[in-house]
1. Looking at segment 102-125, is at least one residue within 21 Å of residue 178 (Cα to Cα), within 19 Å of the chain's Cα centre (by Cα), not assigned by TED's automatic domain parsing to the domain that holds residue 261 and not hydrophobic (A, V, I, L, M, F, W, C)?
2. Among 100, 193, which is surrounded by fewer than 21 Cβ atoms within 10 Å (Cβ to Cβ), touching a residue at least 24 places away in the same chain (Cβ under 8 Å) and at positive phi?
3. Filtering segment 289-317 down to residues that are over 22 Å from residue 265 (Cβ atoms) and out of contact with any Phe, Trp or Tyr (no Cβ under 8 Å at 6 or more places or on another chain), which residue is surrounded by the fewest Cβ atoms within 10 Å (Cβ to Cβ)?
4. What residue, of 8, 95, is in contact with a Lys or Arg (Cβ under 9 Å, 6 or more places away or on another chain) and part of a helix (DSSP H, G or I)?
5. Looking only at residues that are surrounded by fewer than 20 Cβ atoms within 10 Å (Cβ to Cβ) and within 16 Å of the chain's Cα centre (by Cα) in segment 43-55, which one is farthest from residue 75 (Cα to Cα)?
6. Among the candidates 16, 58, single out the residue that is assigned by TED's automatic domain parsing to the domain that holds residue 227, within 16 Å of residue 77 (Cβ to Cβ) and among the hydrophobic types (A, V, I, L, M, F, W, C).
Amino acid sequence: MEGLLDFVLRDILTRVGGVERCVSEFIRITDTLLPERALLRTVPELAHGARTLAGVPVWAQLLGSDPQCLAENAARLAEMGSPGIDLNFGCPAKVVNRHGGGAALLQDPELLHRIVAAVRAAVPAHVPVTAKMRLGFLDDDWAVTCAQALEAGGASELVVHARTKVQGYKPPAYWPRVDDIRAAVKVPVTVNGEIWSVEDARAALAQSGTTTLMLGRGMVARPALARCILAELGSAPGNLGQPGPDWSWEALGPLMHAFWGVASTRLEQKQQAGRLKQWLNYLRRHYPQAQDAFDDVRTLVRPSDVADWMERRIPQAC
């Protein structure tokens, strides 16, 4: 998710546990082979074994519509150590779709096939090529056709956000339509979209017929969501030093300090306060205390002021 789940949050959220794999923010590919330094800006984990500090693998994700150019950049990422290449056919952003990227490509199944086939041919056989899609662009009439085109092109796994481009992020997500896709392809299918709680996860799995979930905004709002889901579904991770699978607001304090430590040293100064506000805005959905915290920092701009506020208001030990 561009501008949200960057390397800072990938680092912090994977420290909580329950995550098997991360996918980077999309790397926009137009008409050039990007230099390694540009790719590392989006996926700095490539310089450290393509893993977060907690050891979770990070796959690079590409977005674009030129098969050959996508293939060349995928090959470079594979050489840099990306354990897999993910292709974005799900982004609903107007600026992306206007330039023929993301969900706009779901209007052209033949082009989907050519893109995946070109990327598959360009990277070593041991590097998986996967695809993220929505149910469609204007409607979901071609959902199965698009999924089959991606599979035929060589995608080894599909993640399906259970809404169309037009439906955006407006509830509900249409998880049963993912089951239609799952039944029509032989590769594994993962369900995504509108999973904010254990109850949502249980319903998404049941209605989609899948066995795996991809979490996005839900885990930003509730960092221990993956742990809670695994605990409820009978595959709980280790204790990780926390009192039960979910985390209280007080237990979240050290994680927030870790977030600020990464953000304040690795992001540009003009970005730092805004990134903390963005995360607090999501945390308000699960933690009532986050509302007061958000109100406190809303007007802060200077990193030094944010650091002072963190020391005064956020506990460093649970």
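1. yes
2. Being surrounded by fewer than 21 Cβ atoms within 10 Å (Cβ to Cβ), touching a residue at least 24 places away in the same chain (Cβ under 8 Å) and at positive phi holds for just one of 100, 193, which is 100.
3. That would be 299.
4. Of the residues listed, the single one that is in contact with a Lys or Arg (Cβ under 9 Å, 6 or more places away or on another chain) and part of a helix (DSSP H, G or I) is 8.
5. Checked segment 43-55; the qualifying residue farthest from residue 75 (Cα to Cα) is 51.
6. Within the list 16, 58, the selection yields 58.
The values are calculated or read from the model by the stated rules, or taken from the named source; none is laboratory data. Values in this document were obtained by computation on a predicted structure and should not be read as measured data. As a convention, Cβ positions derive from the backbone with ideal geometry for all residues, glycine included, and neighbour counts pool all protein chains shown.
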